[in-house]
1. How big is the antiparallel share of DSSP beta bridges in chain A, given as a percent to the nearest 5?
2. Quick check: residue separation of B:Asp296 and B:Tyr357 times 0.36 nm, minus the Cα distance between them. What number comes out in nm?
3. R0 = 60 Å: FRET efficiency of A:Leu19 with A:Ala540, Cβ-based, nearest 0.05?
4. Could you compute the net charge surrounding B:Ile272? Neighbours are other residues with a C-beta less than 15 Å from the C-beta of B:Ile272; K and R count +1, D and E count -1.
5. For the cross-link pairs A:Lys405/A:Lys430; A:Lys424/B:Lys125; A:Lys112/A:Lys271; B:Lys40/B:Lys202; A:Lys180/A:Lys669; B:Lys202/B:Lys273, which exceed 25 Å when the distance is taken from alpha carbon to alpha carbon?
6. For q = 0.09 Å⁻¹, what log10 I(q)/I(0) does chain B give under the Debye formula with an equal point scatterer on each alpha carbon and no solvent?
7. Taking just the alpha carbons, could you work out the radius of gyration and Dmax for the stretch A:451-517, both in angstroms?
8. How would you classify the stretch A:31-93 from its alpha-carbon gyration tensor, with a ≥ b ≥ c the square roots of the eigenvalues: rounded for a/c under 1.5, else prolate if a/b is greater than b/c, otherwise oblate?
Amino acid sequence: MLEALLAIGGLGLVAGLGLAVASRVFYVYVDPKIVAVEEALPGANCGGCGYPGCSGAAGAIVRGAAEPNVCVAGGSSVHTAIAGLLGVEIKEREPEIARPGCTYGLDSADLKYEYDGFRGCGGAVLLDGGAKVCPVGCLGLGTCVRACPFGALSMGPDNLPVVDEELCTGCGTCERVCPKHIITLSSSTRRALREYTTDQCSAPCQRACPAGINVPEYIRCIGEGDYREAVRIIKETNPFPSVCGRICVHPCEYECRRNLVDQGVAINPLKRFASDRERLSGERVPAYRAPETGRRIAVIGGGAEGLTASYFLNRMGHESVVYEGSSRMGGLLRYGLPRNRLPSDVLDWDIEGVREAGVAFETGQRLGRDMTVGSLLEEGYDAVLVALGGWDTQMSQRTPGEVLKPLPGVYLLLDFLLAFREGKQRVLGKRVVILGGGSAALEAARIHIREDAREVHMVFRVPRSRAPFSEEVLEDAEEQGIQLHFETAVTRMMGRDDELTHLELTRLDALHDAPREILAADTFLTGSGRFPELVYVPQAGGGDVEIESRRGTVSWETLVPYAGPCATEATGVFRPGEANADYRAVVEAMGSGRRASATIQRYLSGESVEGPEHMIRANTRVLSLAELEPVSMAPREPVPVPPEEELRADPFLEVESTYDEDQARREAKRCLQCGLICYRRTEGPVH
Amino acid sequence: METENTMTINGIEVGFTPGETILEVARRNDIHIPTLCYLKGASPTGACRVCVVEVKGARNLVASCAAPAAPGMEVLTESPKVVRGRRLNIELLLASGQHNCLVKEAGLDDWTDFQLEALESEGHKDICPAYGDCRLQDLAILYRARSDRFPTAEVRYPVENINPLIVRDFSRCILCGRCVQACNEIQVNNAISFGYRGKESKIVAKGDQPLKESDCVFCGECVQACPVGALVPLSDLEQCGLREEAEKIRTTCSYCGVGCQIFLHVRDGRVIKATGVEDVGPNYGSLCVKGRFGNDFIHDEGRLTKPLIREGDGFREAGWDEALDLVAGKLGALRQESGADALGVLSSARITNEENYLAQKFTRAVLGTNSVDHCARL
């Protein structure tokens, strides 16, 4: 008994001593801060921070490689605790939340086969991408639900995941485990940057909307009576719901699937209804603004495009200032539309909304007269967005024969030729690049060569064989010393202060890997009718060309916002392809404005400024339906119009009125809540 | 009988009276079908084919302004086929002339050439004067018609700007025929009609004469009917440029006793043009040459604001009392000298009925003569 006690006890003593020695000899120092931080972290090891588990994150935080608020799951209490431990301040970050991207469960979607196998999405997807006909349909097997470390996901009655907004921390685990990438993280900024792609579910109306409004969702909210939520959803991509609700050309309604059976849903009158309720209540639906970033952006042009861009830049946390040449904001909305279609007080309400959100307005500030791109960059703006609009708006604001030069070194070919023919203008520069313009371009090129320009380049997007001139004319031009560039696009400008110094040319036949040619140039003449939408940003040192810097000057380069969904390909003066821009209807200008703000946001956060991969454009083939199974007919609610006597009495009375609440609810119920190929198959009366 | 006369439009069953067109039935039931050449009150021409609708069983799209409703017809007004058809028609109309506004989207190589040609035509120094008030522009924006699909047709006829009051710009005429309808069926002046054939077609007046050589009375009915910038008041060309819409003040024309309802367009306290008020009697949008164009006298510098008394070869400004005393004295003297019938009074339609009454009372009771007349007989 005693022996055994001694033997075991002795063994224990020896082992204990051994351990004690080992702990001394093989001691590894662990920063107590790391331990403390790890204890403060939630310990879910979700990986949302991008580090391998919480201990990895703790180490990174203490090393300084990660911010104290890197933990997406923890929330602000965890962040403050960590910041307290480290004695640093934390920057606020924008909250994110998981959003399932499929709305029709297995019971209501078209299926290819009955799946009765391994109960996990990872296995089911191996069988021809899952049972649903829709390539982006939720498989409904709950892999995301099981993976959620916070119990925020559950399976709804229709086999679709449901997010508990209270519990979801935005860690992104579900996004990573979903084999179809259907459930994704969402935030105000992400939604403002969103484009519809072929990899996600979208309804025909959404895809048709140049502003990209989530149409079925806001109509659903109206149907449920939540009008303020409907306005909030519209404002995620369009800050002018009251204006759009009146004058939008509603391409969405033409694409509405109800057109196949009776008549499209009154999408635009419903938008007007929701926004008018907000306007008449006088209480604006608050818009989320991401934490202050400390960046400042100047937007030039107070029309629909400029105002939209400034609104979204502001919501993304930047400080944005709009410069407008005339005395009032609104551009064509104010000067191009009859008041019985768009009353001034409605326009003012929406513009005031942009100002109330935090955008600063500077009216009576004309580009080229009161400030220039160079002077704004010098003032310390991180980017200058130029949203000047089309040729016709320029024409209306000046005397004919005047040559405008709002942008450094950029001129409209038309302006120059008209003024030159009248003898009001001499040649413009020594190194001249002319883009597009047909025989007018050749005329301008010859004028410059004749008048001793050092270099004249003509840039054509088409190959030599398809140039708008005969071979003799081309040879003749070359003999005169004009340099011709075929199948080439002008893709970038570079300069210093208010001088253009270089242009970047890119060969179109090998767009992605061709070496980009940089030309020295001081004058750029464009044959397009639109002053290009451009972003000027200060050029960081070590660019493609070293622009000789002088004291007190800023060198800059341009970024080009990516093309919107209306473009048949990537179009624009500085984009490859044709020079058409989507700016004719106000909703298109708003879409361009939002895309310009997205471009700046991507640039500021160091990402590529291209549009997202697989973005849906006019020529993109999207899975859709050509006919519907019988759905019950329901007449469209007629838009109320004021009595004829009143219309006659007041020429400025609005020609259409707003739905009343009952009408709006009835009309909203007509919506089929379409997905890519799913829709609400109603039988019996709709209402 | 009633059950037989029903049709469905966009899934709604509607009744109709035999003889009604599809467009009329739709409008009566609050279903909107866009139109361009359709002129209310005139017979439909079906020229522009913007109002086309899809009728089940019909081989082609049907112009709803001209097609009569038939029992059992099933009509869709905005089906994908209809929208495509309308877009194509609008694109063809845009390509037919120099519509150099924002909807003109010629390719990068053609745009400047197109604008140069358009701007260098006579009377085209600026963008189209109908900008913002153009039905074709509205429709092109609404249906997102692209104007670079078809090449722009060459201009066949020069701008006719030798007329007083009205400029005829054939390069922007879409040959919808609204002006012809307005002239022949509304005003019944029969001054203009279609001339030539095919692509040579043109709106002609009196064997292709300028308007001022023709039977045209310059009532401007055609100008009000023109949906584009092909017929514009001469004064509009001087008002070019985008500005906030002018104030429209509804008033009664003061030229004669008919009481036509007009809108005076007022900007910065100045009347810049007059248009007829549509749909209201007595004129239902129509005006005569004086009512429509005769308003530039309002701001004329030469208008009298004070009485003038002739002295030698010139005039001298005088006070009202002095002027009235002088007139009363002279009238009295003349009556003494040669009797009351030596006097006569001519009054004006531009003053009110009450004032005219007073004028005749004054003539008969005070002057004592029946020689009183009125300028509306001119």
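1. Among the beta bridges of chain A, antiparallel pairing accounts for roughly 50 percent.
2. On the way: separation 61, 0.36 × 61 = 21.96 nm, distance 2.79 nm.
Result: 19.2 nm gained on full extension.
3. On the way: r = 56 Å, r/R0 = 0.94.
That gives a FRET efficiency of 0.60.
4. Values: positive: B:Arg243, B:Lys248, B:Arg267, B:Arg270, B:Lys273, B:Arg292; negative: B:Asp133, B:Asp236, B:Glu238, B:Glu244, B:Glu245, B:Glu247, B:Asp268, B:Asp296, B:Asp300.
After counting each charged neighbour, the total is -3.
5. Values: A:Lys405/A:Lys430 16 Å; A:Lys424/B:Lys125 15 Å; A:Lys112/A:Lys271 37 Å; B:Lys40/B:Lys202 23 Å; A:Lys180/A:Lys669 30 Å; B:Lys202/B:Lys273 27 Å.
Too far apart for the 25 Å limit: A:Lys112/A:Lys271; A:Lys180/A:Lys669; B:Lys202/B:Lys273.
6. Values returned for q = 0.09 Å⁻¹ are -0.69.
7. Taking only Cα atoms of the stretch A:451-517, I get Rg and Dmax of 13.7, 41 Å.
8. Taking the square roots of the gyration eigenvalues as a ≥ b ≥ c, the stretch A:31-93 is rounded.
Values quoted throughout were computed directly from the atomic coordinates according to the rules given, and no laboratory measurement underlies them. These numbers come from a predicted model, not from an experiment. FYI the Cβ positions are ideal-geometry reconstructions off the backbone, even for glycines, and counts take in every protein chain you see.
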